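Q: Please see the structure below; I have some questions.
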Amino acid sequence: MSYPHTAESIHQFLIYKCIEFILENKIVYAIISNSFNIVKAIRLWNTIQQERLEKA
């Protein structure tokens, strides 16, 4: 994935990869870290549930 790593570009990259690997509409859940751009990218993807990992 090329720069910049904004939430929108991460979101578009994930969507592209899901299409490339024929995974669209098959991902229903995401476990994410507290990285702001990853959190926002997954929030933009409103068809999946999300869960944040707590710091150990």
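A short reminder: the numbers here are calculations on the coordinates, not readings from a lab. It should be emphasised that the depicted structure is a prediction, and the values quoted were computed from it without experimental measurement. FYI the Cβ positions are ideal-geometry reconstructions off the backbone, even for glycines, and counts take in every protein chain you see.
Q: Return the long-range amide H neighbours of A30 (sequence gap of 5 or more, or a different chain), with a cut-off of under 5 Å between placed amide H atoms.
A: For A30, whose amide H was placed from the backbone, the distant partners under 5 Å are Q49, Q50, E51.
Q: Which order do the peptides 16-27, 34-45 come out in when sorted by mean C-beta neighbours inside 10 angstrom, highest first?
A: Values: 16-27: 10.4, 34-45: 15.3.
Answer by packing, highest mean first, reads 34-45, 16-27.
Q: Follow-up. Using θ = phi - 60° and the Karplus relation 6.51 cos²θ - 1.76 cosθ + 1.60, list the HN-Hα couplings for the range 28-33 in order, rounded to whole Hz, with x at every Gly or Pro.
A: The phi angles translate into 10, 8, 9, 9, 10, 8 Hz.
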